[in-house]
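So the structure is just underneath, and the comments pick up after that.
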Amino acid sequence: MPNEDPEYTVINETRNTTVANRVRKASTSATRRKGLLGVTHLDENAGLWIVPCEGVHTFFMRILIDVVFLDRNGRVKKIRPNLRAWRMSLSLSSRSVLELASGAIEESGTRVGDRLIFTPNRENGPAD
């Protein structure tokens, strides 16, 4: 059975940079609630795209994360780099949130106003 939520590659269209290439989508109540809780290491090219979402918390988290708030069109509304444990961040005008490894925002040059594009990664190809 194919995975309902494929991994995505996230491109910053404005700056022509790759933000991350292994981003999971959290679109169900259960996956949004769990988020990155329990994760002890997040690879620099990995992340979680939470849809819909206007705010996140890092209660009980063990890692620093970069947080990008996006509107319906993928425009960056707010950025919170290096968000530590036991913090909250909100952007009530946002439609989704991208959680990334700490440093990913700086590495990709992403800024407020940039447009991000989410492209599903290809599976290993069609079954024979």
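The values are calculated or read from the model by the stated rules, or taken from the named source; none is laboratory data. Being a predicted model, the structure only gives us computed values, none of them experimental. Heads up, the Cβs are rebuilt from the backbone with ideal geometry, glycines too, and the neighbour counts pull from every protein chain shown.
Show me the strands (runs of 3 or more DSSP E) entirely contained within the range 58-128 in which 1 or more residues are among the hydrophobic types (A, V, I, L, M, F, W, C), touching a helix residue (DSSP H, G or I) at 6+ places or on another chain (Cβ under 8 Å) and in contact (Cβ under 8 Å) with a residue 24 or more places away in the chain.
On the way: elements: 65-70, 76-83, 88-90, 96-101, 116-120.
Ranges flagged: 65-70, 76-83.
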### Message
So residue 109 ticks every box in (1) surrounded by 15 or more Cβ atoms within 10 Å (Cβ to Cβ); (2) closer than 21 Å to residue 9 by Cα but one. Which box is left unticked?
### Response
(1)
### Summary
Of the residues in the range 55-67 that are out of contact with any Lys or Arg (no Cβ under 8 Å at 6 or more places or on another chain) and surrounded by 14 or more Cβ atoms within 10 Å (Cβ to Cβ), the one that is nearest to residue 122 (Cα to Cα) is 65
### Task
Would you be able to tell me the number of residues in the range 90-104 that are surrounded by fewer than 16 Cβ atoms within 10 Å (Cβ to Cβ) and more than 16 Å from residue 39 (Cβ to Cβ)?
3
### Summary
If we keep only residues of the range 14-57 that are modelled with pLDDT under 90 and either among the aliphatic types (A, V, I, L, M) or assigned to a strand (DSSP E or B) (or both), then the residue farthest from the chain's Cα centre (by Cα) is 30
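Residue by residue through the range 66-101, note down the ones that are within 17 Å of residue 21 (Cβ to Cβ) and in contact with a Leu (Cβ under 6 Å, 6 or more places away or on another chain). Show your work before the answer.
So the first thing to find is which residues in the range 66-101 are within 17 Å of residue 21 (Cβ to Cβ), and the list is 66, 68, 74, 98-101.
Within the range 66-101, 66, 68, 74, 99, 101 meet the criteria.
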